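J.: The structure is given below, and queries will be raised subsequently.
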Amino acid sequence: MDFSRVALSADDQAFQDDLRAFLGEIVTEEVIRRDRDTGENFDEGVHLALADKGYLAADFTDETDGGFTRLRRRIWDLEIGRAHTPWFHWGTTAMVAHIVEKFAPQDLLDEVLPGMLAGRIRLCLGYTEPEGGSDVATCKTRAVRDGDEWIINGSKMFTSNAQNAQFVFLLTNTAPDAPKHQSLTMFLVPLDTPGVEIQGLRTVDGDRTNIVYYSDVRVSDRYRIGEVNGGWTVMRVALDAEHGVMEHDSAGLQKIAMMSEHGLLLGEAVDGTAAQVGAPGADGSRRIDDAAVQSRLGRAVARTEAALSTPEMFGRVAIAQTMREVAPELMDILGTPALLPADTEGAVDDGAAEYVFRLAGPTGIYGGTLEVFRNMIAQHALGLGKPNYSPPKPRT
Ligand SMILES: Cc1cc2nc3c(=O)[nH]c(=O)nc-3n(C[C@H](O)[C@H](O)[C@H](O)COP(=O)(O)OP(=O)(O)OC[C@H]3O[C@@H](n4cnc5c(N)ncnc54)[C@H](O)[C@@H]3O)c2cc1C
């Protein structure tokens with residue numbers, strides 16, 4: 001939504017102006033450059049500053065309990081994205097904290113929530129394992145009870161932001177002989193517990209994620225979230241939130257789909273490409289005057305707009321798929337220098353299309369792969385029934 005075309009009340013306008021000015025102060029060029037260099041998607045200074053101003057608490061809290069109004073929440077999301085704030089892990093922290101609120105005892109809430117709202121406590125997700133992530137219920141990381149404690153052994157793949165988090169929301173197996181959906185127990189494990197080892201990993205788009213090893217990690221039973229062997233009930237809520245299968249309100253102000261921020265980066269790359277091909281070259285000619293460039297760029301614009309207007313699970317797939325197809329098209333239109341990444345001499349539009357090209361792969365993987373989302377759409381939205389994975393019948 002373009003708020004330059006929607007009249008805001010004086011108070012809401014002041015909110016937007018203050019927020020934009022504050023983000024302008026704290027999300028500096030240096031913050032953005034460091035984020036790009038490290039791939040952390042997180043900046044502690046920015047995070048703490050936003051917490052100090054009360055923005056984290058307002059975003060976390062429902063409107064009825066004093067949080068942002070729907071309109072301000074929308075402005076908040078847009079301004080955070082517009083400023084290129086290193087930000088993705090707040091979503092994970094807030095999502096886990098909402099689940100903790102729902103399932104954890106009061107003393108654990110008292111330990112975690114105030115620090116989380118003050119920005120000091122961050123939470124990350126430990127579901128995926130080296131042997132597979134789509135079917136999370138096949139979890140092999142074991143938790144074995146020992147009196148009032150549990151002993152955890154195993155390893156988790158792609159635990160993003162573990163290096164900046166204080167707790168991991170950990171999926172474990174507590175009943176290896178039971179059917180898989182009755183074998184799971186969730187914990188909120190303090191990451192400074194002896195036996196936890198975090199090993200950094202960079203992805204193709206430069207993001208930092210981690211492999212985390214758990215060797216005889218002792219955790220008190222008070223860090224258990226939900227019932228023993230009842231972890232699937234907790235996970236279902238968590239997966240629904242991560243998959244964006246939430247009810248949408250009728251005001252049209254909510255974020256349209258998960259990963260729409262990534263779609264905005266594609267939009268910026270399309271705009272940048274249009275500016276490049278519209279500018280006259282050394283001989284005065286413009287590439288946009290070539291009918292083939294017009295057609296390919298026009299298609300890229302239309303596909304990007306369509307993806308950014310597609311809601312919920314469908315939008316999640318449309319955004320990643322469009323990034324995968326449009327980014328190479330933009331690079332092709334721009335020519336060989338478009339292969340150069342940002343901050344490289346000779347890069348076109350500071351490597352915007354090249355970055356989206358590398359980002360597109362992981363965007364279709366984390367939080368559930370595109371294939372898994374397509375199955376969910378087929379099953380839950382189109383009512384086509386469960387996918388059948390049995391081997392094809394031999395021909396007679
Ligand atoms: C950058 C990054 C950050 C991540 N951050 C986190 C994190 O913080 N915490 C966390 O727990 N996980 C995280 N993940 C893991 C992510 O959720 C998994 O990678 C994802 O769920 C897929 O699991 P997998 O990689 O094990 O692939 P697999 O599940 O092994 O899948 C392999 C291939 O088989 C296909 N496939 C699998 N099952 C089906 C099916 N039923 N139908 C059709 N096709 C199928 C998949 O689409 C894929 O192409 C992250 C991943 C990445 C890349």
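J.: So which residues in the range 153-180 are among the polar types (S, T, N, Q), open to solvent by less than 10 Å² (accessible area, probe 1.4 Å) and outside any strand (DSSP E or B), if there are any at all? Step through it out loud before you land on a result.
T.: Initial filter on the range 153-180 (among the polar types (S, T, N, Q)): 153, 155, 159-161, 163-164, 166, 172-174.
Applying the additional criterion that residues be open to solvent by less than 10 Å² (accessible area, probe 1.4 Å) yields 159, 161, 172.
Result: THR159, ASN161.
J.: Scanning the range 368-393 for residues that are within 8 Å of the ligand (Cβ to nearest atom) and modelled with pLDDT of 90 or more, which turns out surrounded by the fewest Cβ atoms within 10 Å (Cβ to Cβ)?
T.: Pass one, the range 368-393, residues within 8 Å of the ligand (Cβ to nearest atom): 368-372, 374-375, 387, 389.
Add one more test, that the residue is modelled with pLDDT of 90 or more, and what stays is 368-372, 374-375.
Working: GLY368: 22, THR369: 15, LEU370: 16, GLU371: 13, VAL372: 17, ARG374: 15, ASN375: 16.
Of everything passing the filter in the range 368-393, GLU371 is surrounded by the fewest Cβ atoms within 10 Å (Cβ to Cβ).
J.: Another question, then. What number of residues within the range 177-231 are among the acidic types (Asp, Glu), farther than 16 Å from ASN164 by Cβ and within 22 Å of the chain's Cα centre (by Cα)?
T.: Result for the range 177-231: 1.
J.: Please determine whether any residue of the range 175-188 is under 30 Å from ALA381 (Cα atoms), touching a strand residue (DSSP E or B) at 6+ places or on another chain (Cβ under 9 Å) and more than 15 Å from the ligand (Cβ to nearest atom).
T.: At the first step, the residues of the range 175-188 found to be under 30 Å from ALA381 (Cα atoms) are 179-186.
Pick out the ones that are also touching a strand residue (DSSP E or B) at 6+ places or on another chain (Cβ under 9 Å) and you get 180, 183-186.
Among the residues that remain, those that are also more than 15 Å from the ligand (Cβ to nearest atom) are: 183, 185.
Yes: the range 175-188 contains one or more residues that are under 30 Å from ALA381 (Cα atoms), touching a strand residue (DSSP E or B) at 6+ places or on another chain (Cβ under 9 Å) and more than 15 Å from the ligand (Cβ to nearest atom).
J.: So, in the range 195-235, how many residues would count as being within 16 Å of the ligand (Cβ to nearest atom) and more than 29 Å from THR38 (Cβ to Cβ)? Reasoning before the result, please.
T.: Filtering the range 195-235 for residues within 16 Å of the ligand (Cβ to nearest atom) gives 196, 198-214, 225, 231-232, 234-235.
Checking the rest, the ones that are also more than 29 Å from THR38 (Cβ to Cβ) come to 225, 231-232, 234-235.
So the count comes out to 5.
J.: Here is a further query. Can you tell me which residues in the range 270-287 are buried (at least 17 other Cβ atoms within 10 Å of the Cβ) and either under 20 Å from the mean Cα position of the chain (by Cα) or more than 26 Å from PHE314 (Cβ to Cβ) (or both)?
T.: Within the range 270-287, the subset buried (at least 17 other Cβ atoms within 10 Å of the Cβ) is 270, 272-274, 276-277, 287.
Selection gives GLY272, ALA274, GLN276, VAL277, ARG287.
J.: Find all pairs meeting these conditions: Cβ atoms under 8 angstrom apart; at least six residues apart or on different chains; first residue within the range 373-396 and in contact (Cβ under 8 Å) with a residue 12 or more places away in the chain; second residue in a helix (DSSP H, G or I) and open to solvent by 50 Å² or more (accessible area, probe 1.4 Å).
T.: The qualifying pairs are ILE377/PHE314; ALA381/PHE314; PRO387/ASN375; PRO387/GLN379.
J.: Hey, another quick one. Between a first residue in the range 216-245 that is surrounded by 14 or more Cβ atoms within 10 Å (Cβ to Cβ) and a second residue that is at pLDDT below 95 and in a loop (DSSP other than H, G, I, E, B), which pairs have beta carbons less than 6 Å apart while being 6 or more apart in sequence or on different chains?
T.: Once the first residue is surrounded by 14 or more Cβ atoms within 10 Å (Cβ to Cβ) and sits in the range 216-245, its partners that are at pLDDT below 95 and in a loop (DSSP other than H, G, I, E, B) give ILE225/ALA104; GLU242/GLY367; HIS243/GLY368; GLY244/MET258.
J.: Looking at (1) assigned by TED's automatic domain parsing to the domain that holds LEU266; (2) more than 13 Å from the ligand (Cβ to nearest atom); (3) open to solvent by 60 Å² or more (accessible area, probe 1.4 Å); (4) of a type in the set (Val, Ile, Thr), which is the only condition THR396 fails?
T.: (1)
J.: Another question, if that's okay. Looking for whichever is assigned to a helix (DSSP H, G or I), open to solvent by 20 Å² or more (accessible area, probe 1.4 Å), in the same structural domain as ARG286 (by TED's automatic domain parsing) and at pLDDT below 95 here; the options are ASP332, ASP343, ASP350. Which one fits?
T.: Values: ASP332 fails: at pLDDT below 95; ASP343 fails: assigned to a helix (DSSP H, G or I).
ASP350 is the lone residue from the list that is assigned to a helix (DSSP H, G or I), open to solvent by 20 Å² or more (accessible area, probe 1.4 Å), in the same structural domain as ARG286 (by TED's automatic domain parsing) and at pLDDT below 95.
J.: Do we find a residue being at pLDDT 95 or above and either open to solvent by less than 70 Å² (accessible area, probe 1.4 Å) or not in a helix (DSSP H, G or I) (or both) anywhere in the range 246-268?
T.: Yes, the range 246-268 contains a residue that is at pLDDT 95 or above and either open to solvent by less than 70 Å² (accessible area, probe 1.4 Å) or not in a helix (DSSP H, G or I) (or both).
J.: If you don't mind, another one. Restricting attention to the range 131-140, does a residue exist that is out of contact with any strand residue (DSSP E or B) (no Cβ under 8 Å at 6 or more places or on another chain) and assigned to a strand (DSSP E or B)?
T.: The initial filter retains those residues of the range 131-140 that are out of contact with any strand residue (DSSP E or B) (no Cβ under 8 Å at 6 or more places or on another chain), namely 131-135.
Okay, now just the ones that are also assigned to a strand (DSSP E or B), so 132.
Yes, some residue in the range 131-140 is out of contact with any strand residue (DSSP E or B) (no Cβ under 8 Å at 6 or more places or on another chain) and assigned to a strand (DSSP E or B).
J.: Suppose we filter GLU101, GLU131, GLU111, GLU149 for residues that are open to solvent by 30 Å² or more (accessible area, probe 1.4 Å) and under 14 Å from GLY226 (Cβ atoms); which single one remains? Don't jump to the end; show me each part of the working.
T.: Values: GLU131 fails: under 14 Å from GLY226 (Cβ atoms); GLU111 fails: under 14 Å from GLY226 (Cβ atoms); GLU149 fails: under 14 Å from GLY226 (Cβ atoms).
Of GLU101, GLU131, GLU111, GLU149, the one residue that is open to solvent by 30 Å² or more (accessible area, probe 1.4 Å) and under 14 Å from GLY226 (Cβ atoms) is GLU101.
J.: Condition test on ASP65, is it out of contact with any strand residue (DSSP E or B) (no Cβ under 9 Å at 6 or more places or on another chain), open to solvent by 30 Å² or more (accessible area, probe 1.4 Å) and touching a residue at least 60 places away in the same chain (Cβ under 8 Å)?
T.: no
J.: Could you run through the range 73-103 and say how many residues are among the hydrophobic types (A, V, I, L, M, F, W, C) and closer than 20 Å to ALA14 by Cβ?
T.: Filtering the range 73-103 down to residues among the hydrophobic types (A, V, I, L, M, F, W, C) leaves 75-76, 78, 80, 83, 87-88, 90, 94-97, 99-100, 103.
Applying the additional criterion that residues be closer than 20 Å to ALA14 by Cβ yields 75-76, 78, 80, 83.
Counting residues in the range 73-103 that are among the hydrophobic types (A, V, I, L, M, F, W, C) and closer than 20 Å to ALA14 by Cβ gives 5.
J.: Mind counting the residues in the range 21-60 that are charged (D, E, K, R) and either surrounded by 18 or more Cβ atoms within 10 Å (Cβ to Cβ) or under 22 Å from the mean Cα position of the chain (by Cα) (or both)? Explain how you work it out, then say what you get.
T.: Going residue by residue through the range 21-60, those that are charged (D, E, K, R) are 25, 29-30, 33-37, 40, 43-44, 52-53, 59.
If we keep only those that are either surrounded by 18 or more Cβ atoms within 10 Å (Cβ to Cβ) or under 22 Å from the mean Cα position of the chain (by Cα) (or both) as well, we get 33-37, 40, 43-44, 59.
Residues meeting the conditions: 9.
J.: Something else about it: Sort out which residues of the range 85-130 are assigned to a loop (DSSP other than H, G, I, E, B) and under 13 Å from LEU171 (Cβ atoms), and write them in order of number. Before you say what the answer is, go through the steps one by one.
T.: At the first step, the residues of the range 85-130 found to be assigned to a loop (DSSP other than H, G, I, E, B) are 85-87, 104-105, 118-122, 127-128, 130.
Scanning the range 85-130 gives TYR127, THR128.
J.: Quick one: is GLU312 away from the ligand (no atom under 16 Å from the Cβ), modelled with pLDDT under 95 and open to solvent by 60 Å² or more (accessible area, probe 1.4 Å)? Don't jump to the end; show me each part of the working.
T.: Numbers: away from the ligand (no atom under 16 Å from the Cβ): yes; modelled with pLDDT under 95: yes; open to solvent by 60 Å² or more (accessible area, probe 1.4 Å): yes.
Yes; evaluated as a whole, the condition is true for this residue.
The values are calculated or read from the model by the stated rules, or taken from the named source; none is laboratory data. Just so we're clear, the structure is a prediction, and the values are computed from it rather than from any experiment. Quick reminder, even Gly has a Cβ in these numbers, built from the backbone with ideal geometry, and neighbours come from all protein chains shown. Heavy atoms of the whole protein, side chains included, go into the accessibility calculation; ligands, DNA and RNA do not. Shrake-Rupley method; radii C 1.70, N 1.55, O 1.52, S 1.80 Å.
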